[in-house]
Amino acid sequence: MASIDVLKTRDSLITQHLCPESMAEPLAVFADELLDEAMEPLARKDTLEALIEQWRIERAEIAAQQAQFMADVRKEISDFREENNVRERERDERERQRARDQEERDAKLRGWVIGVVGLGFSATVLVSGLLIAFG
Amino acid sequence: MRRVDGPLPERLVEETLARFRREAIARGWVQEDKADQVVEVVREQVEETYGIDRRSQDT
């Protein structure tokens, strides 16, 4: 991997007559190799810093996803509780309605029974009276 | 080009250029009287490509 522009360095060496043309490229390549070697720790440091930054970004994204997930779970629990409460209220209302209906039916039945018994008693009294009067 | 962010520490550049000068002369690739100019060409390339941080002492 090149650290500097080897061709440009070679051309500069030739233009300024600093070495024979045949030596310009080896010199430029040699300088590039030495710089590349010297920069290796810096490149590793930059790579490591980039990885750390990437890790921080990913950690923040994961934390945001976790927070969103927890918010969704809380919302679902809240919705479920609300639906459950509604269902319980409806069930209670149905039970109360059933009890009222049953009470109405019982009251009607009691009315009929009292009516029939009263009518029977009245008829008995009437018949007894007639038997006493004319018997 | 190698991906290194920001300017290179001056000490790293100077030590590398000194090594380059020394070894290039030793190999007979550069005449001693022109070595400083050759080093200057390489330094200009480094400066142009990365910049040199003259405040930093890190290597």
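Per residue, the convex hull spanned by the alpha carbons of chain B comes to 86 Å³.
Here's how it looks for B:Asp53: its modeled amide H is under 5 Å from those of B:Leu8, B:Glu10, which are all 5 or more places away or on a different chain. In percent, rounded to a whole number, the relative contact order of chain A is 16, using alpha-carbon pairs under 8 Å and six or more apart. Exposure proxy shown here: for A:Ile4, B:Ile52, the number of other Cβ atoms within 10 Å sets the order, fewest to most, as B:Ile52, A:Ile4.
Between the residues A:Phe134, A:Ile52, A:Cys19, the greatest Cα displacement towards the positive end of the dipole of segment A:6-134, with unit charges on the Cβ of Lys, Arg, Asp and Glu, is found for A:Phe134. Using θ = phi - 60° in the Karplus curve 6.51 cos²θ - 1.76 cosθ + 1.60, the 3J(HN,Hα) couplings for segment A:95-108 round to 5, 4, 5, 4, 5, 4, 4, 4, 4, 4, 4, 4, 5, 4 Hz; x is entered for Gly and Pro.
Can you grab the distance from the C-alpha centre of segment A:89-103 to the C-alpha centre of segment A:6-41, Å, no decimals? A separation of 97 Å, based on Cα centres. Computed per residue of the protein assembly as shown from DSSP H runs no shorter than four, each worth -39500 (n - 2.57), the mean residue ellipticity at 222 nm is -30500 deg cm²/dmol. Its relative contact order, with pairs defined as Cα atoms under 8 Å and 6+ residues apart, puts segment B:8-53 at 56 percent.
Taking every Cα-Cα distance in chain A and sorting them into 5 Å bins from zero, the calculated P(r) comes out as 2, 8, 6, 6, 5, 5, 4, 4, 4, 4, 4, 3, 4, 3, 3, 3, 3, 3, 3, 2, 3, 2, 2, 2, 2, 2, 2, 2, 1, 1, 1, 1, 0 percent. Relative to one another, the C-alpha centroids of segment A:104-132 and segment B:7-45 are positioned 131 Å apart.
Rule-based calculations on the coordinates, nothing more; no lab input. The model shown is predicted, which means the values in this text are computed figures rather than measured ones. Because the Cβ atoms are built from the backbone with ideal geometry, glycine has one as well, and the counts that use them run over all protein chains shown.
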